[in-house]
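Here the structure comes first, spelled out in structure tokens, and everything after it is commentary.
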Amino acid sequence: GAVVSQHPSWVICKSGTSVKIECRSLDFQATTMFWYRQFPKQSLMLMATSNEGSKATYEQGVEKDKFLINHASLTLSTLTVTSAHPEDSSFYICSASSRGSGGTQYFGPGTRLLVL
Amino acid sequence: QQQVKQSPQSLIVQKGGISIINCAYENTAFDYFPWYQQFPGKGPALLIAIRPDVSEKKEGRFTISFNKSAKQFSLHIMDSQPGDSATYFCAASKGAGNMLTFGGGTRLMVKP
């Protein structure tokens, strides 16, 4: 199957700092990338959908100025958590899909963020 | 509003047994129903997916049964193994490449 990577796999930062998470599709061109957030023992909650070259579409309740998403190329999307606070601590997961894959979403391994 | 309801929340099965997880959806526009497996600290991995034009799909030990009229679908894991112990999520979307709505997840434990 298609491979999606995320970097970093985990990050610890101080409150007030910004953190950037990268999501890459390694062996296919992702026309669409999705960003999810998952709290312990809970399901995945979609944060935003991004298409290459266009602005991301954010789900209701997700602050677009706090969670900046850039989808600069068909293989890379980034999520920047600006001015992170302890309540932003979570597991962030991206997924990518393409028309060539029949639209199947392939998920990255996730990034665990801990804000102190 | 939770559009995809998943049950049970947790499931314990003996090795060799059948694990059954059920999902129900509300939105009749959904036409793509995948199942994902997630191990702790990892991202979800696609197991199997079905579209509403078929009532059953089997891949190895994993089978999806789909009931369009009841708006329900289920995952059956035959000959369950301890290595199958994970959290399983059903999902649904309008079209395969569009946003997924996930069920709440089922934590499966297969006892040796």
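Every number in this text was worked out from the coordinates using simple rules, so none of it is lab data. Note that the structure is a prediction, hence the values are computed from the model and not measured. Because the Cβ atoms are built from the backbone with ideal geometry, glycine has one as well, and the counts that use them run over all protein chains shown.
Tell me, A:C13, A:C23 in order of fewest to most beta-carbon neighbours within 10 Å?
Ordered by Cβ neighbours within 10 Å, fewest first: A:C13, A:C23.
Per Stokes-Einstein, at 25 °C and 0.890 mPa s, what whole-number D in µm² s⁻¹ belongs to the protein assembly as shown, with the Kirkwood radius over Cα pairs as the hydrodynamic radius?
136
For the residue pair B:N27 and B:D79, what label-to-label distance in nm results when each label sits 7 Å from Cα along the Cα-to-beta-carbon direction?
3.7
Which lysines have a Cα lying under 22 Å from the Cα of A:K20, excluding residues fewer than 8 positions away in the same chain?
A:K55, A:K64, A:K66, B:K42
From zero outward in steps of 10 Å, how is the percent of C-alpha pairs of segment B:4-88 spread across the bins?
Spelled out per bin, shortest first, that is 16, 52, 28, 4.
Rounded to the nearest 20 debye, what is the charge dipole size of segment B:36-112 about its Cα centre when +1 sits on each Lys and Arg Cβ and -1 on each Asp and Glu Cβ?
Computed about the Cα centre, the dipole is about 160 debye.
Using the Cα centre of segment A:1-96 as the reference point, and only Cβ charges (+1 on K/R, -1 on D/E), how large is the resulting charge dipole? Debye, rounded to the nearest 20.
Charge dipole, segment A:1-96, about its Cα centre: 120 debye, nearest 20.
At a Cα cut-off below 13 Å, give the aspartates and glutamates reachable from B:K5, other chains included and same-chain residues fewer than 8 away excluded.
Correct list for B:K5: B:E26.
So for segment A:1-85, Kirkwood radius off the Cα pairs, Stokes-Einstein at 25 °C and 0.890 mPa s: how many µm² s⁻¹?
It diffuses with D of about 181 µm²/s by this estimate.
Per chain A: cysteines with no other Cys C-beta under 4.7 angstrom?
When partners are defined as cysteine Cβ atoms under 4.7 Å apart, chain A leaves A:C13 without one.
Pull up the cross-link candidates among the aspartates and glutamates for A:K14, meaning alpha carbon to alpha carbon under 18 Å and not fewer than 8 places away within one chain.
Within reach: A:E87, A:D88.
So if R0 is 35 Å, what FRET efficiency would A:V3 and B:A70 give, r being the distance between their Cβ atoms, rounded to the nearest 0.05?
Efficiency, rounded to the nearest 0.05: 0.45.
Sorted from fewest to most neighbouring beta carbons within 10 Å, what does the list B:S7, A:S15, B:S69 look like? Present the calculation step by step, with values, prior to reporting the outcome.
Working: B:S7 15, A:S15 12, B:S69 5.
Ascending Cβ contact count within 10 Å gives the list B:S69, A:S15, B:S7.
What is the Cα centroid distance between segment A:37-69 and segment B:1-72, reported in whole angstrom?
First find each Cα centre; the distance between them is then 24 Å.
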